[in-house]
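Report on the following structure.
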Amino acid sequence: MRECGNAGMRECRNAGMQECGNEENAGNANNAGNANNAGNANNAGNAGNAGNAGNAGNVDNGRIDCGGLEIIKFFFGMAEPTKKEIVREMFDDISPKYDFLNHFLSFGIDRGWRKKLVRILDTYKPPRVLDVATGTGDLAISIAALKPQKIVGIDISEKMLEIGRVKLVEKGLDQLITLRMADAEKIPFSDNSFEAITVAFGVRNYENLALGLQEMRRVLRPGGVMLILEFSHPDTFPMKQLYGIYSRFVIPVMGRIISGNIKAYTYLPESVAAFPSGNDFLKILEKTGLKNTKQLRLSMGIASIYVAEK
């Protein structure tokens, strides 16, 4: 790696990537693999340095793996964005239209789903509630009707939170509810800080689901409850077929037209399809160390409320 890291990368930098990075010189086997470019023993092509087939001499879809493609990406600012970065940017972008689209695309049914979650939460009478992936604070605002001592909402999208804070002031709830930017996988609170943790349509956006759930469990007090509202997979006729058509074709088109974001509402059905639901998700919750887990199916399985205790 020293040969490729010092000589090979320097050659790329000095030559403006003419030999290691551009399509004409490094993009095909005739240019990148021969002795005149990067494949000979004097550069990076011998087995003793970094140029063997497993290291610097190969070509991957028109790109030289000069001691590892990730090294090139790092040096030249070409690193792929993480899922977390993609999700943050996406929600920042659609934040002005987010609330409207939620209600419009669900025909307002999402309000009933949140009310159902709040009714379940009311049976636990939690004094302190953490709402993870709070977005613009819709669920946190609904929970305020239970009159707990404290509600904290966290989210990675600051623009979503800005809209939420305006809503809190308008409703006179800014003293009861605090919204702050924070990562669900690095929750900035000490162990056993809350008697209840809620999430509405957020866990499928976690970059690391296991880590996010572990963090939520960590800050939940023993005996506390975790309530997760999330889309699930309808499995009965005709809802399965109807929902499949609606989510694959109607939601992306309408979401794109209204929000102006091409990717956001294509991501929605894709993320739902990829997320484990039903018993699969219950098993993940149990593996996290939670108990008394159960699923409450809503609207013929379009969404579910998952209940778990610590």
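The values are calculated or read from the model by the stated rules, or taken from the named source; none is laboratory data. It should be emphasised that the depicted structure is a prediction, and the values quoted were computed from it without experimental measurement. In this analysis, Cβ positions are derived from the backbone assuming ideal geometry, glycine residues included, and neighbour counts consider all displayed protein chains.
Values for this structure:
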{"read-out": "Residue within segment 60-81 that is at pLDDT 90 or above and either more than 20 Å from Thr266 (Cβ to Cβ) or out of contact with any strand residue (DSSP E or B) (no Cβ under 6 Å at 6 or more places or on another chain) (or both) present", "value": "no"}
{"read-out": "Tabulated pairs, segment 143-164, first within 19 Å of Asn205 (Cβ to Cβ) and part of a helix (DSSP H, G or I), second modelled with pLDDT of 95 or more and aliphatic (A, V, I, L, M), C-beta under 8 angstrom, 6+ apart or interchain", "value": "Glu158/Met181; Leu161/Leu179; Leu161/Met181; Gly164/Ala140; Gly164/Leu179"}
{"read-out": "Leu168 crowded, with 17+ Cβ neighbours inside 10 Å and touching a Lys or Arg at 6+ places or on another chain (Cβ under 7 Å)", "value": "no"}
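Each row is one residue, and each column tells you yes or no for (1) in contact with a Phe, Trp or Tyr (Cβ under 9 Å, 6 or more places away or on another chain); (2) of a type in the set (Lys, Arg); (3) surrounded by fewer than 18 Cβ atoms within 10 Å (Cβ to Cβ).
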{"position": "Arg217", "(1), (2), (3)": "no, yes, no"}
{"position": "Pro222", "(1), (2), (3)": "no, no, yes"}
{"position": "Glu230", "(1), (2), (3)": "yes, no, no"}
{"position": "Tyr243", "(1), (2), (3)": "no, no, no"}
{"position": "Phe249", "(1), (2), (3)": "no, no, yes"}
{"position": "Met254", "(1), (2), (3)": "yes, no, yes"}
{"position": "Gly260", "(1), (2), (3)": "no, no, yes"}
{"position": "Thr266", "(1), (2), (3)": "no, no, yes"}
{"position": "Ala303", "(1), (2), (3)": "yes, no, no"}
